[in-house]
Amino acid sequence: MSWHPQYRSSKFRHVYGKAASKDKCYDCVPITRNVHDNHFCAVNPSFIAVVTECAGGGAFLVIPIKQTGKLDPHYPKVCGHKGNVLDIKWNPFNDFVIASCSEDATVKIWDIPNQLLKRNITTPKKELLGHARRVGLIEWHPTADNILFSSGYDYKIMIWNLDVKDAVLSKPVKILDAHKDVVLSMSFNTDGSLLATACRDRKIRVIDPRAGRVLQEGSYKSHKVNKVLFLGDMKKLFSTGTSLWNNRQIALWDQNDLSVPLLEEDLDGSSGLLFPIYDSDTHMLYVVGKGDGNIRYYEISPEKPYLNYLMEYRSHSPQKGIGMMPKRGLDVAACEIFRFYKLIPTKSLIEPVSMIVPRRSESYQEDIYPLTAAAQPALTAQEWLNGINKGPLLVSLRPGSEAVNSLPQSLEPEPLMKTTDLSQQQGVRGRVLLEDKQKPRDIEDGRKRLKVEERLPKNEQMCLSNGFDVFECPPPKTENELLQMYYRQQEEIRRLRELVIQRDVQIKQLELELRNLCTDTGNY
């Protein structure tokens, strides 16, 4: 039997949760009293959306992220549903588009204006009419633009292509009819080629959504599953549920073998649901309890014991739902690696909670901020439907690097790079740097770097590239580090090419000036 040390080395071992001060919270928010098991909150760097109480139908609030403090009781709502709103999700590639589903069996897509709301929004951009019963879950595809999944109480999952001009869609591009009961949870893998579901029949399924084929199906007698989650590229699934004795329970599964869980652990005897949230950049897993104020967090490793408990954030204020800020909206200067938005209906309060890595240095901490998913799609909807898989575009969170904001409402998405070879489209693990598609901005940054480098000593110019020591860097030990090294080398090559171009331009300008001087002297 192998011996495991009691303590393990980890840069996230001392991560702690920090609740925002009262003036940074959102007060007097009429949070919904619906008992449906969903987050009821969606966040992006521009807005926070929360399902609210509304007479005569369903509605939700969309509040600018910086508008903290007390909310006006007459603040405008987004109200177009005839039944209670059950789920809301922001488009990951457009901060001004949000989807909602309701008990009225419809899914609606809304355009949010880029200014403070002055009146209620009642007319959706698109309306999806396909389900026969209420719709409980919606999920945007993680890499393809304008692909939306919806799941209803008719036991069907529908795939919608929103790239069409019609305002009302009644026919989805695909219907997944593999479930015999209500779907409780949906989760995509990194490139969106697989869909994991948890069903009320206690079974976990891994589905190929385009083929409609169930690749894996399994259940375990001592684990009644409620929520399931893909753990990035780990080839593993994580689920939360209850045991035979109604204890709250977590389980870890092999993606290719759902017969027996790799790990099963009882947490406590509380009755509230557990929401699992995974951060693939830091390999940290957060387990948020509904009805209590606790957030447990773990670190996932590819080898045994797989799940390493780190700490637990505790609060006396129980949360009914939770929202998560995308990585591009975090405060990297404060070493913030995750941010939750707790819905506290007893106080009509939304409280931000930041997860922080304690560091003394005020400089950018590159080791805790690897390249993360950008706010631009890697594929068009039609490309994904045609069978192409591609991982998310990656971007650096370093201040001053390429812009990571989502597309504004008035802009059209940038055209994708044209490639004919499928293997070229997939690239290194299907991931492509966002910077490759922004050449004009790269040249501007190159000019700025050129001015800065002319002020630096020559030895610093040779050794440092974006604060990264090229010669003294240790060799990569993991696949993730190898990828980071590859992207750094690509960035360095691109930077050197820009410098060569700049020098060529300077040489041509000098030659032109010399010719002008020669002609001037010849005239005299």
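The values are calculated or read from the model by the stated rules, or taken from the named source; none is laboratory data. Every value quoted in this text rests on a predicted model; they were computed, and no experiment measured them. Neighbour counts are summed over all protein chains in view; Cβ atoms, including those assigned to glycine, are modelled from backbone coordinates with ideal geometry. Accessible surface areas use protein heavy atoms only, side chains included; no ligands, DNA or RNA. Shrake-Rupley method; radii C 1.70, N 1.55, O 1.52, S 1.80 Å.
Determine whether residue 210 is more than 26 Å from residue 294 (Cα to Cα), among the basic types (Lys, Arg) and outside any strand (DSSP E or B).
Details: more than 26 Å from residue 294 (Cα to Cα): yes; among the basic types (Lys, Arg): yes; outside any strand (DSSP E or B): yes.
The answer is yes for residue 210.
Please identify the pairs in which a residue from the stretch 477-501 that is closer than 23 Å to residue 302 by Cβ has its Cβ atom under 7 Å from the Cβ atom of a residue that is modelled with pLDDT of 80 or more and outside any helix (DSSP H, G or I), counting only partners at least 6 apart or on another chain. Qualifying pairs under 7 Å: 480/370; 484/370; 484/371; 487/371. Kindly indicate whether residue 181 is open to solvent by 20 Å² or more (accessible area, probe 1.4 Å), charged (D, E, K, R), within 27 Å of residue 288 (Cα to Cα) and touching a strand residue (DSSP E or B) at 6+ places or on another chain (Cβ under 6 Å). So residue 181 fits the description; yes. Condition check for residue 324 on (1) open to solvent by 30 Å² or more (accessible area, probe 1.4 Å); (2) over 30 Å from residue 23 (Cα atoms); (3) touching a Phe, Trp or Tyr at 6+ places or on another chain (Cβ under 9 Å): one failure, at (2). The one condition from (1) touching a strand residue (DSSP E or B) at 6+ places or on another chain (Cβ under 7 Å); (2) of a type in the set (Phe, Trp, Tyr); (3) more than 25 Å from residue 145 (Cα to Cα) that residue 230 does not meet is (3).
Quick one: how many residues across the stretch 259-278 are of a type outside the set (Gly, Ala, Ser) and not in a strand (DSSP E or B)? Explain how you work it out, then say what you get.
Within the stretch 259-278, the first condition is being of a type outside the set (Gly, Ala, Ser), and the residues that meet it are 260-268, 273-278.
Narrowing further to those that are not in a strand (DSSP E or B): 260-262, 273.
So the count comes out to 4.
Flag: residue 68 does not match the condition of being surrounded by 19 or more Cβ atoms within 10 Å (Cβ to Cβ), free of Cβ contacts under 8 Å to residues at least 40 places away in the same chain and either among the β-branched types (Val, Ile, Thr) or touching a helix residue (DSSP H, G or I) at 6+ places or on another chain (Cβ under 9 Å) (or both).
When the stretch 334-390 is examined, which residues are found to be among the small types (Gly, Ala, Ser) and either in a loop (DSSP other than H, G, I, E, B) or within 26 Å of residue 316 (Cβ to Cβ) (or both)?
Our first condition is that a residue be among the small types (Gly, Ala, Ser); within the stretch 334-390, this holds for 334, 348, 354, 361, 363, 373-375, 378, 381, 387.
Answer for the stretch 334-390, where residues must be among the small types (Gly, Ala, Ser) and either in a loop (DSSP other than H, G, I, E, B) or within 26 Å of residue 316 (Cβ to Cβ) (or both): 334, 348, 354, 361, 363, 374, 375, 378, 387.
The condition of being more than 25 Å from residue 320 (Cβ to Cβ), of a type in the set (S, T, N, Q) and open to solvent by 40 Å² or more (accessible area, probe 1.4 Å) holds for only one of 193, 271, 219, 301, that being 219. Selection of the stretch 117-166 for residues being farther than 21 Å from residue 389 by Cα, among the aromatic types (Phe, Trp, Tyr) and open to solvent by less than 30 Å² (accessible area, probe 1.4 Å) yields only 153.
Filtering 281, 367, 266, 331 for residues that are open to solvent by 20 Å² or more (accessible area, probe 1.4 Å) and over 28 Å from residue 396 (Cα atoms) leaves a single hit, 266. Scanning the stretch 37-76 for residues that are part of a loop (DSSP other than H, G, I, E, B) and within 24 Å of residue 198 (Cβ to Cβ) turns up 37, 38, 39, 40.
Scanning the stretch 228-263 for residues that are among the charged types (D, E, K, R), crowded, with 19+ Cβ neighbours inside 10 Å and touching a residue at least 60 places away in the same chain (Cβ under 8 Å) gives a single hit, 236. Can you say whether residue 133 is basic (Lys, Arg), outside any strand (DSSP E or B) and either under 23 Å from residue 187 (Cβ atoms) or in contact (Cβ under 8 Å) with a residue 60 or more places away in the chain (or both), as far as the supplied structure shows? Yes.
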